[in-house]
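Structure record follows, encoded as structure tokens.
Read the figures in this text as sums done on the coordinates, not as results from a lab. Small disclaimer: the values here were computed from a predicted structure and weren't measured. Every residue, glycine as well, gets a Cβ built from its backbone with ideal geometry; the counts of neighbours run over all protein chains shown.
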Amino acid sequence: MAETQIRFDDGLSYERYMGDWSRRVGSVFLDWLAAPSGLKWIDVGCGNGAFTELLVERCAPTLVNGIDPSEAQLDFARNRPAARQAKFDLGDAMAVPFPGGAFDAAIMALVIFFVPDPAKGVAEMARVVRPGGMVAAYAWDMLGGGFPLEPIRIEMRAMGLTVVNPPSPEASRIDVLRDLWTRAGLSEVETREITVHRTFPDFEDFWTTSLLAPSMRSVIPATAPNDIELLKARVRARLPADATGHITYSARANAVKGRVPK
């Protein structure tokens, strides 16, 4: 039986697979937040720091703390240029290691569906943000077909292969996000969809990049070589190249923001 736990143990591979996607959707997300400069931020589930770096570049914060349960991801984050202005530490989204009201804004970027108890994660973000401060998140629409790996996942399902989901995929739904924020007592709750596109030089680049995803690395080694070749052929047919050989397709995230009541 294939191992079905998603492990984030390689910051460089994650950067190649998800870093570009993260920055594309993160840029739109930060524009939507329209946060002023000079804030104190916490990036909950910062991973390898892809979004944290964007936050430092775009928002001129006075302080950024990133927490994540993967030391391997944090090691990669600490070697980014953003590390000059951000501090990265081990931490659990359901037990954020900071006192109440320590930040002006708390963010979860592509994380909430990995939190076993999403409501607890939202409550923890709200706890560490001052009254009037912002709590926000965005997540790939896992159940609505928005995940960047969806073209492969569709063909895996059709072939009866294992498709790995994070612990709380329902937390990626826009109605569930709104409900989580409302139930946490946050005010001025708003949601939106964010659709982004990415172009790969050719199908082989798309394929090898996609296989770096933790959810793929947990399944592919246990899949028969003939099935892998068939899967590759089916995905190639689903994602035809343009006249230059490039592969372009879209992914969609759901976003939510709210304020801690004053």
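Between residue 228 and residue 34, what FRET efficiency comes out of the Förster formula 1/(1 + (r/R0)^6) with R0 = 41 Å and r the beta carbon distance, rounded to 0.05?
Taking R0 as 41 Å, the efficiency between residue 34 and residue 228 is 0.35.
With each pseudo-label sitting 7 Å past Cα toward Cβ, what's the residue 249-residue 208 distance in nm, one decimal?
1.9
At what distance in nm do the modelled label points of residue 27 and residue 71 sit from each other, each positioned 7 Å from its Cα along Cα→Cβ?
Modelled inter-label distance: 3.6 nm.
At 0.36 nm per residue, minus the direct Cα-Cα distance, what do residue 90 and residue 239 gain on full extension? Give it in nm, one decimal, please.
Roughly 49.8 nm would be gained on extension.
Can you give me the C-alpha center-to-center distance between the stretch 219-262 and the stretch 88-148, rounded to a whole angstrom?
About 25 Å separates the Cα centre of the stretch 219-262 from the one of the stretch 88-148.
Return the calculated 222 nm mean residue ellipticity for the chain, to the nearest 500 deg cm²/dmol, obtained by summing -39500 (n - 2.57) across DSSP H runs with n ≥ 4 and dividing by the residue count.
Theoretical 222 nm ellipticity from helices: -10000 deg cm²/dmol.
Given Cα positions, please report Rg to Rh for the stretch 42-144, the hydrodynamic radius being the Kirkwood one.
0.94
So, R0 is 22 Å and r is the distance between the beta-carbons of residue 195 and residue 165; what FRET efficiency does that work out to, to 0.05?
In this case the efficiency is close to 0.55.
Where does the stretch 199-259 land on the Kirkwood hydrodynamic radius, alpha-carbon pairs, in angstrom?
About 13.5 Å, per the Kirkwood formula over Cα pairs.
Apply the Karplus curve 6.51 cos²θ - 1.76 cosθ + 1.60, θ = phi - 60°, to the phi angles in the stretch 102-113 and return the couplings in whole Hz, x for Gly and Pro.
Those phi angles translate into 6, 10, 8, 8, 10, 10, 10, 10, 6, 10, 4, 6 Hz.
Per q in 0.26, 0.33 Å⁻¹, report the Debye log10 I(q)/I(0) for the stretch 27-69, using one uniform scatterer on each alpha carbon and no solvent.
Values returned for q = 0.26, 0.33 Å⁻¹ are -0.94, -1.27.
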